[in-house]
Amino acid sequence: MIKFTLIIWVCSFMAGTKCMPPIYFPTIYDSWTECSIAAHEESIKIIKASEPDFFEKNKVGMKYICDPVKTY
């Protein structure tokens, strides 16, 4: 069975894309859908925990992947 783990990058989209180091989440998700929903929820938490001007000034957004993990 394939499950998924979430990885999020905080990236500036000004003049190309520059991203901070990835954030790895320990939760294993049963489906792509669950992982994708978590990506958006975690992204909102990251934005809310950051300085308000940081995102606006640097045109920051999130990039994520739900990386497949084989479970036995």
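The values are calculated or read from the model by the stated rules, or taken from the named source; none is laboratory data. What you see is a predicted model, and the numbers here were worked out from it, not measured in a lab. Reconstructed Cβ throughout: ideal geometry from the backbone, glycine too, with neighbour counts over all protein chains shown.
Count, please, the residues in the stretch 22-33 that happen to be under 13 Å from the mean Cα position of the chain (by Cα) and not β-branched (Val, Ile, Thr).
4
Specify the residue that is surrounded by the most Cβ atoms within 10 Å (Cβ to Cβ); the eligible residues are those in the stretch 1-21 that are in contact with a Gly (Cβ under 9 Å, 6 or more places away or on another chain) and either at pLDDT 95 or above or closer than 15 Å to Ala39 by Cβ (or both).
Out of the qualifying residues, it is Val10.
Return yes when Phe54 is in a helix (DSSP H, G or I) and of a type outside the set (Gly, Ala, Ser) and no when it is not.
yes
Out of Tyr24, Tyr64, report the one residue that is loosely packed, with under 12 Cβ neighbours inside 10 Å, part of a strand (DSSP E or B) and modelled with pLDDT of 95 or more.
So the residue among Tyr24, Tyr64 that is loosely packed, with under 12 Cβ neighbours inside 10 Å, part of a strand (DSSP E or B) and modelled with pLDDT of 95 or more is Tyr24.
Here is a check on your reading of the model: is Glu41 free of Cβ contacts under 8 Å to residues at least 12 places away in the same chain and not in a loop (DSSP other than H, G, I, E, B)?
Yes.
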